[in-house]
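Asker: Here it is: the structure, laid out below.
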Amino acid sequence: LKDSKKLDESISKLKKGFPQYEIINPLNNINESVDELCGYISIISLAFSFIASITSILLLSICTYLHIFESRKEIGLARCIGINKKEANKFTYAHSFLLCGSSLLTSSIELVIVSITISYELTGKLKILLSPLSYVLMIVLSLAISVLSSFFISIAINKNNPIEASKY
């Protein structure tokens, strides 16, 4: 059959038409095995994505902290001349959003290249297998990682005394 969705319907019609014969789907066991394997791959991919997300939050937090640590004198001087805590927080969030934006752009380009390569190898045609929803989810995840990594750093910046920070 050209349409595999009509396979079960065709088998049931054949069983009714020819009750003396046993009509089976020879690919049924293979399809079940492939579905089971895809389920395992999906679980592994989900676990890997979770671990990668946690790792990216930690790495971005470390990068932001090191950048703020190196810039603490400038932030302390800015707070001494009248910049309020909200403006200092904006500095932290802006740095984190720039890092996440560049990594989002890089990962999007990589995802398109991998998608085109896989589709070409499997089908012999150049096409992108990804839906726009995957890009929306990547953007949302990137923004969430950026906000989470900056939140704790901004709390630590606001606890610092600006005069003490300008001494370093």
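What follows draws every value from the coordinates through simple rules; no lab data is involved. As the structure is a computational prediction, the values presented were derived from the model and not from experiment. Every residue, glycine as well, gets a Cβ built from its backbone with ideal geometry; the counts of neighbours run over all protein chains shown.
Asker: Could you give the alpha-carbon Rg of region 1-57 over 2.2 N^0.38 Å, rounded to two decimals?
Answerer: Values: Rg = 19.5 Å, N = 57, 2.2 N^0.38 = 10.2 Å.
Against the empirical 2.2 N^0.38 Å value, I get 1.90 for region 1-57.
Asker: Compute, for region 15-162, the length of the dipole vector about the Cα centre, with Cβ point charges of +1 (Lys, Arg) and -1 (Asp, Glu) only. Units Debye, rounded to 20.
Answerer: Numbers: 11 positive and 9 negative charges, 150 e Å.
The dipole of region 15-162 has a size of about 720 debye.
Asker: Can you tell me which of 157, 44, 75 moves the most in a GNM of the chain? Springs connect C-alpha atoms under 10 Å apart.
Answerer: For the chain, modelled as a Gaussian network with Cα springs under 10 Å, the answer is 44.
Asker: Quick one: if the Förster radius is 41 Å, what FRET efficiency do residue 155 and residue 33 give, using the C-beta to C-beta distance and rounding to 0.05? Provide the component values of the computation, followed by the final result.
Answerer: Working: r = 51 Å, r/R0 = 1.25.
Efficiency, rounded to the nearest 0.05: 0.20.
Asker: If I take all pairs of Cα atoms in the chain, what percentage of them are more than 20 Å from each other?
Answerer: Numbers: 9722 of 14028 pairs.
Counting every Cα pair in the chain, those more than 20 Å apart make up 69 percent.
Asker: I've got another one for you. Note the count of lysine pairs whose C-alpha atoms are less than 23 angstrom apart in the chain, limited to pairs 8 or more residues apart or on different chains.
Answerer: Pairs that pass both the separation and distance tests number 22.
Asker: Per DSSP H run of at least 4 residues, take -39500 (n - 2.57); add these up for the chain, divide by its residues and hand me the 222 nm value, nearest 500 deg cm²/dmol.
Answerer: -28500 deg cm²/dmol
Asker: Among 23, 107, 48, whose Cα lies farthest out toward the positive end of the dipole of region 1-115, if unit charges sit on the beta carbon of Lys, Arg (+1) and Asp, Glu (-1)?
Answerer: Looking along the dipole axis, the top candidate is 107.
Asker: Could you give the length gained by full extension between residue 112 and residue 71, i.e. 0.36 nm per residue of separation minus their alpha carbon distance, to one decimal place?
Answerer: 11.1 nm
Asker: Determine, from the Cβ-Cβ distance of residue 50 and residue 97 and an R0 of 25 Å, the FRET efficiency 1/(1 + (r/R0)^6), rounded to the nearest 0.05.
Answerer: Details: r = 23 Å, r/R0 = 0.90.
Step by step, r from the Cβ atoms, then E = 0.65.
Asker: For the pair residue 62 and residue 80, how long in nm is the line joining their label points, each one 7 Å along Cα→Cβ?
Answerer: Taking the simple label geometry, residue 62 and residue 80 are separated by 3.2 nm.
Asker: Could you tell me which GluC sites (Glu not before Pro) in region 21-110 are loop residues by DSSP with no more than 10 other beta carbons within 10 angstrom of their beta carbon?
Answerer: Here the sparse-neighbourhood loop sites are 22.
Asker: Tell me, in nm to one decimal, what length is gained between residue 122 and residue 12 on full extension, where the rule is 0.36 nm per residue of separation less the Cα-Cα distance? Don't skip to the end; give the middle numbers.
Answerer: Details: separation 110, 0.36 × 110 = 39.60 nm, distance 3.27 nm.
Net length gain for the segment: 36.3 nm.
Asker: Relative to the longest principal Cα axis of the chain, at what angle does helix 85-123 sit, 0 to 90 degrees, rounded to 10?
Answerer: Computed tilt is about 30 degrees.
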